[in-house]
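Written below as structure tokens is the structure these notes are about.
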Ligand SMILES: *Cc1c(COP(=O)(O)O)cnc(C)c1O
């Protein structure tokens, strides 16, 4: 392991979080960072962890792998984050941790949630997988809670292909974490090769001309497990923890990260700029738009739109080569059935259920969104 590479990368990350490199911990994926933090908080059997019913199943998995119980709360339709009243109601004597999330890059009420948690001697973790680089009330996302985890998967604020890290500023938790991290496996040669394949495919993907060919190739390679996928099948349909799950970040990921983080300031500007254009369009056409008051705190990793007949819109998008996203197709994305396995009872979360049926996301990373605005015009009748 190249120590200085690791240190350089941590320093870059730390500079965005107003901290120093020693409070940053690197992992193979964001979910692994969460799993490590939960262990540092000594979460185990009998404990409850509160989280929004608008999450990724890998978050629920990390809780379940430790024998704890996920307790969901419904979301606020404006922010797609949990509201405090819902969290307060969900607190029980068994609650050990509250996870708040900055959905699409928007943190909300994290300061108040943290205060509430303090009163009850509960830890807080921010799921900052969408919000790295952004701020809430002037402070970097992830700095209000006891700990935060971030993802550098290729859809996230900046990419290492797959990857993640934790940020913790708490002596006791960091001491616990040191022992836990000593058990991390090193990524294998096969991991490194399939990461290399991921970078190759992704870089080709970025050149417009072959995007749709490469998407097909990527799907084929993933199916045959030749390229590093974001999740393995068993993570999406069972509570079986994959082998070699608890892995460190490899040098090749750090190298990619150091390259890609350079573009982040520009990307942040571009995302907000595009979000304004989407907002203008939706406002003008009397469709659901993001409350402009939320803009200062919103990093707009993706721009949420609501549609009737999602399947139809997705088919049209594929035909017209519009890269529409499908987050969150369910309260525990991307799982569409057997939610009870993850302790989710759909009827308890009417807002999350309705939104997950309607929501699609527009890309905010494109330099020119004319084509996407044109597409919105084409599907105008389906927009909510
Ligand atoms: C992507 C994502 C994760 C997991 O990140 P990985 O790096 O893929 O493990 C967790 N929570 C949310 C909300 C995410 O979007």
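Of the helices (runs of 4 or more DSSP H) entirely within region 264-375, those holding at least 1 residues that are under 19 Å from the mean Cα position of the chain (by Cα) occupy 264-284, 350-358. Just one of the listed residues (13, 51, 38) is within 16 Å of the ligand (Cβ to nearest atom), over 22 Å from residue 161 (Cβ atoms), within 18 Å of the chain's Cα centre (by Cα) and part of a helix (DSSP H, G or I), and it is 38. Restricting attention to region 320-353, the residues being under 28 Å from residue 371 (Cβ atoms), out of contact with any strand residue (DSSP E or B) (no Cβ under 6 Å at 6 or more places or on another chain) and within 13 Å of the ligand (Cβ to nearest atom) number 4. Each residue in region 218-236 was checked for being surrounded by 13 or more Cβ atoms within 10 Å (Cβ to Cβ) and farther than 18 Å from residue 155 by Cβ, and 2 pass. For residue 317, the criteria (1) within 14 Å of the ligand (Cβ to nearest atom); (2) out of contact with any helix residue (DSSP H, G or I) (no Cβ under 6 Å at 6 or more places or on another chain) hold in every case but one, which is (1). Once region 16-35 is narrowed to residues that are part of a helix (DSSP H, G or I) and under 20 Å from the mean Cα position of the chain (by Cα), the residue that is surrounded by the fewest Cβ atoms within 10 Å (Cβ to Cβ) is 16. Restricting attention to region 92-143, the residues that are within 26 Å of residue 261 (Cα to Cα) and within 18 Å of the chain's Cα centre (by Cα) total 27. Scanning region 235-263 for residues that are assigned to a helix (DSSP H, G or I) and within 17 Å of residue 35 (Cα to Cα) gives 235, 236.
Filtering region 54-77 to residues that are more than 18 Å from the chain's Cα centre (by Cα) and either in a helix (DSSP H, G or I) or at positive phi (or both) leaves 64, 65, 67. Scan region 144-172 for residues that are more than 16 Å from the chain's Cα centre (by Cα) and surrounded by fewer than 18 Cβ atoms within 10 Å (Cβ to Cβ) and the total you get is 4. Just to verify a result, which residue in region 364-374, among those that are touching a helix residue (DSSP H, G or I) at 6+ places or on another chain (Cβ under 7 Å) and crowded, with 18+ Cβ neighbours inside 10 Å, is nearest to residue 157 (Cα to Cα)? Per the stated criteria, the residue is 364.
The residues of region 39-70 that are surrounded by fewer than 21 Cβ atoms within 10 Å (Cβ to Cβ) and over 23 Å from residue 231 (Cβ atoms), listed by number, are 42, 44, 45, 46, 47.
The numbers here are math on the coordinates, done by the rules we state, and not lab data. This one's a predicted model, so the numbers in the text were calculated from it and none came from an experiment. Virtual Cβ from ideal backbone geometry, glycine too; neighbours counted across all protein chains shown.
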